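Below you'll find the structure, written out as structure tokens, and then a few comments.
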Amino acid sequence: MAPGKPEKPIDLLQGTLDLLILKAVSLGPLHGYGVLLRIQQLSGDELVIQQGSLYPALYRLEHQGAIASEWGESENNRRAKYYKLTRAGREKLNEETRKWNKMAGIIGDILRAVPEGA
């Protein structure tokens, strides 16, 4: 990138959104938009999640039993659905984190490979 030009936000790899949502919700109950903001904050504003991707993922995770929801009041006094991690969600988060770390290690090993004789 040219100096002074802001970098384009990094696109999520397929299949990572659920893992990021589970991690964000594991830190405490959040409403939908709060999940989006928490992921953005934890990534140092490097990842930007689109609402059009977030809400179907929240629905999917709730349907799978990984998260549970209840209605509450948001910071601006509006009715909002708050999500929290379930026991099944914690197990899924632990398993997916293990798989992610293993895959990241394998990819890192591949990228560190140097040409023979170098």
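The values are calculated or read from the model by the stated rules, or taken from the named source; none is laboratory data. Owing to the predicted nature of the structure, the values given are computational and were not obtained by experimental measurement. Every residue, glycine as well, gets a Cβ built from its backbone with ideal geometry; the counts of neighbours run over all protein chains shown.
Some observations on this one:
- Any hit, segment 46-55, residues being closer than 21 Å to Lys92 by Cα, in contact with a strand residue (DSSP E or B) (Cβ under 8 Å, 6 or more places away or on another chain) and either at pLDDT 95 or above or not in a helix (DSSP H, G or I) (or both): no
- For segment 73-95, filtering for residues that are surrounded by 10 or more Cβ atoms within 10 Å (Cβ to Cβ) and part of a strand (DSSP E or B) leaves 7.
- Pairs with Cβ under 8 Å, 6+ apart, first in segment 98-118 and in a helix (DSSP H, G or I), second surrounded by 10 or more Cβ atoms within 10 Å (Cβ to Cβ) and not basic (Lys, Arg): Trp100/Thr16; Trp100/Leu19
- Restricting segment 1-45 to residues that are polar (S, T, N, Q) and assigned to a loop (DSSP other than H, G, I, E, B) leaves a set whose member that is modelled with the lowest pLDDT is Gln14.
Okay, residues lined up against (1) loosely packed, with under 14 Cβ neighbours inside 10 Å; (2) without any contact (Cβ under 8 Å) to a residue 24 or more places away in the chain; (3) under 24 Å from Glu95 (Cβ atoms); (4) not β-branched (Val, Ile, Thr):
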residue	(1), (2), (3), (4)
Ser26	no, no, yes, yes
Val35	no, no, yes, no
Tyr59	yes, yes, yes, yes
Gly65	yes, no, yes, yes
Trp71	yes, yes, no, yes
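- Among residues of segment 43-57, those that are of a type in the set (Val, Ile, Thr) and surrounded by fewer than 15 Cβ atoms within 10 Å (Cβ to Cβ), counted: 1
- Taking the criterion of being within 12 Å of the chain's Cα centre (by Cα) and farther than 16 Å from Leu27 by Cα, the residues of segment 47-59 that qualify are Leu47, Val48, Ile49, Gln50, Ser53, Leu54, Ala57.
- Condition check for Gln40: under 14 Å from the mean Cα position of the chain (by Cα) and surrounded by fewer than 19 Cβ atoms within 10 Å (Cβ to Cβ): yes
- If you filter segment 96-118 down to residues that are within 22 Å of Leu36 (Cα to Cα) and not hydroxyl-bearing (Ser, Thr, Tyr), you find that the one that is surrounded by the most Cβ atoms within 10 Å (Cβ to Cβ) is Glu96.
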